[in-house]
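To start, the structure under review is shown below, and the notes come after it.
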Amino acid sequence: MDRNQIREEIIDLVARYTKVFKAAIEDDMDFYTDLAMDGVDMDTLIYDTQVKFEVDIKDEEAVMLGTVGDLVELIVEKKGEE
């Protein structure tokens, strides 16, 4: 799975928890300020991402996620480690 495929899958997941259309979601959008997600949304997004991509996201990694692009890069990095 390449970066673009990972990005599209993550945008699909993010769109489930926001009122933002998938086409409007950009890499530089902040989960909290731009997408109006809360802590519960983020926890669920992280869980769903772990299941979808079969990766483990540690708590210390999760707290560093600020934007959609941050999550994309983390998954690209983790999938590259396999």
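A few notes on this one:
- Complete set of residues in region 54-79 that are in contact with a helix residue (DSSP H, G or I) (Cβ under 8 Å, 6 or more places away or on another chain), of a type in the set (Asp, Glu) and loosely packed, with under 15 Cβ neighbours inside 10 Å: Asp56
- Within region 41-50, considering residues that are in contact with a Phe, Trp or Tyr (Cβ under 9 Å, 6 or more places away or on another chain) and not charged (D, E, K, R), the one farthest from Leu65 (Cα to Cα): Thr44
- Note on region 1-17: among residues that are of a type in the set (A, V, I, L, M) and closer than 16 Å to Asp70 by Cβ, the one that is surrounded by the most Cβ atoms within 10 Å (Cβ to Cβ) is Ile10.
- Taken over region 23-37, residues that are assigned to a helix (DSSP H, G or I) and within 25 Å of Lys79 (Cα to Cα) amount to 1.
- Hits in region 53-68 (condition: within 20 Å of Gly39 (Cβ to Cβ) and outside any loop (DSSP other than H, G, I, E, B)): Asp59, Glu60, Glu61, Ala62, Thr67, Val68
- Total residues in region 55-82, condition in contact (Cβ under 8 Å) with a residue 40 or more places away in the chain, of a type outside the set (A, V, I, L, M) and in contact with an Asp or Glu (Cβ under 8 Å, 6 or more places away or on another chain): 2
- Matching option when the condition is more than 18 Å from Lys79 (Cβ to Cβ), out of contact with any helix residue (DSSP H, G or I) (no Cβ under 6 Å at 6 or more places or on another chain), surrounded by fewer than 16 Cβ atoms within 10 Å (Cβ to Cβ) and aliphatic (A, V, I, L, M), among Val40, Val20, Val51: Val40
- Counted residues, region 23-82 - those being among the hydroxyl-bearing types (Ser, Thr, Tyr) and within 11 Å of the chain's Cα centre (by Cα): 4
- Any pair with Cβ under 6 angstrom, 6 or more apart, that starts in region 36-54 at a residue that is of a type outside the set (S, T, N, Q) and ends at one that is at pLDDT below 95: Met37/Tyr17; Asp41/Tyr17; Leu45/Tyr17
The values are calculated or read from the model by the stated rules, or taken from the named source; none is laboratory data. Since this is a predicted model, take the numbers as computed values, not measurements. Every residue, glycine among them, receives a Cβ derived from its backbone with ideal geometry; neighbour counts consider all protein chains shown.
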